[in-house]
Amino acid sequence: MFCQFCGAKVDSNVRFCPTCGKPLAPGAAGPAPGVLPNYQPPIQPPPTFTAPPGTHAQIGHWISSGWNIVKADLGTFMVMSLVFVVLNSVVPIILQGPLIAGFYIVCARKVLYGRFEFGDLFKGFNFFVAALVASILIAIFTFIGTLFCIIPGLVLAAMYMFTYLFIIDKRMDFWPAMQASHSIVRNDYFGFTLFLIAVVLLNIVGLVCCLVGVLATMPILYAAVTVAYKEIVGFEPNPNF
């Protein structure tokens, strides 16, 4: 048997460890040699991210790249948009965050592998809590910012546009993911805000011209942000999704 305190080998009939002197319970088996007693692995700090300096928004490039992604599978993306809208209407707030995360998973798989499955839309539920809390906080911050002449709300929405991608790719919790997103945007608040405004205006045009049109324009936002994330941050070599 082995001492349950220091791991030294002891005879089964001794009452005290000859190495550390601790009393031994009769017949108690300690840890195997080389294994520290009551060992707990160190707690790893949450992952952090700092954007490279000089990061600037590339509005036209990202939007055109996003459109090319959506255009290649336009029918599927439109059906996904319809499912997204319907589910959010039936269960508002609760499903929004996970579904947004799922949309980003779809776009990420298209960017990385050139293909995706319809069921990937629901893989965002693997990150349910982080995505839900992130969506609520972003909505609250954006609403409060909008009360101050609208522009601060747009800036705040732009600050956190990469949050869901950090959640699904880096497995970050909601707050570290929001901070990581902000670290990118603060390099070019003006450019990233214009990027967000441009994509929102594109969706408004799709809504005004034809209600069905917005089902095609809505995925462009997620695809364009995914392209931007890939070029600025880069996905993990073995993506978690």
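Brief remarks follow.
- Filter pass, Gly102 being closer than 23 Å to Asp73 by Cβ, part of a helix (DSSP H, G or I), out of contact with any Pro (no Cβ under 9 Å at 6 or more places or on another chain) and modelled with pLDDT of 95 or more: yes
- Going through (1) in contact (Cβ under 8 Å) with a residue 12 or more places away in the chain; (2) within 20 Å of the chain's Cα centre (by Cα); (3) buried (at least 21 other Cβ atoms within 10 Å of the Cβ) one by one, Leu112 falls short only on (3).
- Within the stretch 70-86, residues that are surrounded by fewer than 16 Cβ atoms within 10 Å (Cβ to Cβ) sit with their Cβ atoms under 6 Å from residues that are aliphatic (A, V, I, L, M), at 6+ positions apart or across chains, in these pairs: Leu82/Leu215.
- For Gly124: the one exception among (1) surrounded by fewer than 18 Cβ atoms within 10 Å (Cβ to Cβ); (2) assigned to a helix (DSSP H, G or I); (3) under 19 Å from the mean Cα position of the chain (by Cα): (1)
- Evaluation of Lys110 against the conditions (1) more than 26 Å from His56 (Cα to Cα); (2) assigned to a helix (DSSP H, G or I) shows that the sole unmet condition is (1).
- Selection of helices (runs of 4 or more DSSP H) fully inside the stretch 173-241 by the criterion of at least 1 residues being assigned by TED's automatic domain parsing to the domain that holds Cys107, in contact with a Ser or Thr (Cβ under 6 Å, 6 or more places away or on another chain) and closer than 19 Å to Met80 by Cβ returns 189-209, 213-232.
- Residue check for Tyr160: touching a His at 6+ places or on another chain (Cβ under 8 Å) and within 23 Å of Gly54 (Cβ to Cβ): yes
- Boolean, Thr48 is within 24 Å of the chain's Cα centre (by Cα), modelled with pLDDT under 70 and either among the aliphatic types (A, V, I, L, M) or not assigned by TED's automatic domain parsing to the domain that holds Arg109 (or both): yes
- Subset of the stretch 134-145 (residues that are more than 10 Å from Thr163 (Cβ to Cβ) and surrounded by 16 or more Cβ atoms within 10 Å (Cβ to Cβ)): Phe141, Thr142, Gly145
- Some residue of the stretch 156-168 being at pLDDT 90 or above, surrounded by fewer than 20 Cβ atoms within 10 Å (Cβ to Cβ) and of a type outside the set (Asp, Glu): no
The values are calculated or read from the model by the stated rules, or taken from the named source; none is laboratory data. Please read all numbers here as calculations on a predicted model, not as lab measurements. Every residue, glycine as well, gets a Cβ built from its backbone with ideal geometry; the counts of neighbours run over all protein chains shown.
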